[in-house]
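Remarks on the structure that follows.
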Amino acid sequence: MTSLSTGFRALPLPIIQLSLAAVLKCGQSFRWTAYPLKLDPEDASSPTHEYRFCLRDRVVCLRQTATNILYRTVQPDPQPNANQRELRDAETLLWLKDYFQLDVDLAFLYEEWGSRDKVFLGIQDRFSGIRMLRQDPWENLISFICSSNNNISRITKMVQSLSKEYSPPLLSLPTPDGSGVEDTYHPFPPPSALTHPDVSARLRSLGFGYRAEFIHRTAKMLVETHGDSIQPQDSDEPSEQWLRTLRDISTEDARAELLKFVGVGRKVADCVLLMSLDKTDVVPVDTHVHQIAIKHYGMKGSTKGKMNMTPKLYEELCTKFVQVWGQYAGWAHSVLFTSDLKSFALHGLLEPTSPLPSPVKNRKKRSREMTDLVRILPTPPSTPSVSESATATEIACNLSPAERVKKRIRK
Ligand SMILES: *[C@@H]1O[C@H](CO)[C@@H](O)[C@H](O)[C@H]1NC(C)=O
């Protein structure tokens, strides 16, 4: 283990099974904070970032090396004894295994998807280690109500300001760069925190737009309908526990329950089914996914102009993707989705874990990498910035520059 990560425990796991850099930034969860780390010049595999996530009772800190996930638990109690630390870390380890679904062999799934699908084969090496998180359904539901007509950076801002506004800080912690700056961490607020009549207006003033009303009404309905249905077993509210029971019923029944909430249409419901309710074959479909299906998976339809997403078409697209990818179609879809994000345009092209070379060598290395990039990325028609360069799926799919320009409206 690297000497700069003292206080962390190691969980052996290769990056092909889990890439934190990809999974925590690809639009599944919006509450992870990434901090760049000073690299250890002695150790080529020293972690590049620390990632932090605030649960109700603790902050989980993660780092990744080529062979391990390093984890550390921080709770408000400033001086836990050795037994308490042992217990906390054991609990955190259980949470990690559940949250990252580590019982699922991702390398096996990649092999299967690659053998069934040429498009997947074209992107799988650059986008390795992208697995589905098993999120808390309540947080997942509210985050994806925020996601309608929105982009990742703005959803992230919303979810973070929601937490800051409606749940008290759990603790403060120095940032890992040694600058002495402290960050304060807020858990995601429970449903009952969002039921007050003022919530809608307040969220509007925080920039949530029409989603403010949806969030408030969904929280209210959830608490009113399921607030007392189950005796609390831990610190979670009964309505949160009820949401988790949707894991145990069929996809159709669980979807029907989700669609009862305000601001939840088929796509949002499907995101929740896939990302927190264990429905691995559910593929959330939008017009963009439709376009991919037309161009690369033989679906009929026009690539010009927008088509109405009817329930029938939605169903056909899901069926198609399950045919292509199988029982874990929703997981495969998220790899493809990530490869198509502008923020991932350079992902997997630069060596993330190499130590910092001396400044001169650094410059040389940079220019070589840029040359590589130019070779890999087809020249875009207009002056490109990083955020405007082609996405990996576009490259894997050999889209013409003109087609890529059209797709650029999607962030
Ligand atoms: C996200 O959306 C906001 C508001 O519509 C916009 O101002 C911002 O530029 C967008 N960001 C990205 C990265 O597309």
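The values are calculated or read from the model by the stated rules, or taken from the named source; none is laboratory data. Remember, it's a predicted structure, so these values are computed and weren't measured experimentally. Positions of Cβ are backbone-derived with ideal geometry, glycine not excepted, and every protein chain shown enters the neighbour counts. Heads up: the accessible areas ignore ligands, DNA and RNA and are worked out on the full protein's heavy atoms, side chains in. Shrake-Rupley method; radii C 1.70, N 1.55, O 1.52, S 1.80 Å.
A few points about this structure:
- Residue selected from region 159-175 under the condition in contact (Cβ under 8 Å) with a residue 60 or more places away in the chain and within 16 Å of the ligand (Cβ to nearest atom), by the criterion most open to solvent (accessible area, probe 1.4 Å): Gln160
- Taking (1) part of a helix (DSSP H, G or I); (2) modelled with pLDDT of 80 or more; (3) open to solvent by less than 60 Å² (accessible area, probe 1.4 Å); (4) among the charged types (D, E, K, R) in turn, Lys279 satisfies each apart from (1).
- Among the residues listed as Val262, Val223, Val289, the single one being open to solvent by 30 Å² or more (accessible area, probe 1.4 Å), in a helix (DSSP H, G or I) and of a type in the set (Val, Ile, Thr): Val223
- Among (1) within 30 Å of Gln17 (Cβ to Cβ); (2) within 16 Å of the ligand (Cβ to nearest atom); (3) of a type in the set (Gly, Ala, Ser) - the single one Ser148 does not satisfy: (1)
- Residues satisfying the stated conditions in region 322-348, i.e. within 16 Å of the ligand (Cβ to nearest atom), touching a Ser or Thr at 6+ places or on another chain (Cβ under 6 Å) and not in a helix (DSSP H, G or I): Asp340, Ala345
- Filtered by the rule that a residue be open to solvent by less than 40 Å² (accessible area, probe 1.4 Å) and either within 16 Å of the ligand (Cβ to nearest atom) or within 22 Å of Val335 (Cβ to Cβ) (or both), region 130-145 gives Ile130, Arg131, Met132, Leu133, Gln135, Asn140, Ser143, Phe144.
- Meets criteria (surrounded by fewer than 16 Cβ atoms within 10 Å (Cβ to Cβ) and in contact with a Leu (Cβ under 8 Å, 6 or more places away or on another chain)) for Ile69: no
- Which listed residue is touching a strand residue (DSSP E or B) at 6+ places or on another chain (Cβ under 7 Å) and at pLDDT below 95, from Pro176, Pro187: Pro176
- If the condition is being under 22 Å from the mean Cα position of the chain (by Cα) and open to solvent by less than 20 Å² (accessible area, probe 1.4 Å), then region 176-206 contributes Tyr185, Pro187, Phe188, Pro189, Pro191.
- Hits in region 293-315 - residues which are open to solvent by 80 Å² or more (accessible area, probe 1.4 Å), in contact (Cβ under 8 Å) with a residue 12 or more places away in the chain and assigned to a helix (DSSP H, G or I): Pro311
- Residue within region 116-127 that is open to solvent by less than 10 Å² (accessible area, probe 1.4 Å) and under 18 Å from Leu24 (Cα atoms) present: yes
- Filter pass, Ser235 being among the hydroxyl-bearing types (Ser, Thr, Tyr), in contact with an Asp or Glu (Cβ under 8 Å, 6 or more places away or on another chain) and not in a helix (DSSP H, G or I): yes
- Residues that are within 16 Å of the ligand (Cβ to nearest atom) and without any contact (Cβ under 8 Å) to a residue 60 or more places away in the chain are absent from region 179-194.
- Yes/no for Phe108 being among the aromatic types (Phe, Trp, Tyr) and open to solvent by 50 Å² or more (accessible area, probe 1.4 Å): yes
- Elements of the type helices (runs of 4 or more DSSP H) sitting completely within region 58-161 and holding at least 1 residues that are among the polar types (S, T, N, Q) and closer than 21 Å to Ser339 by Cβ: these cover 106-116.
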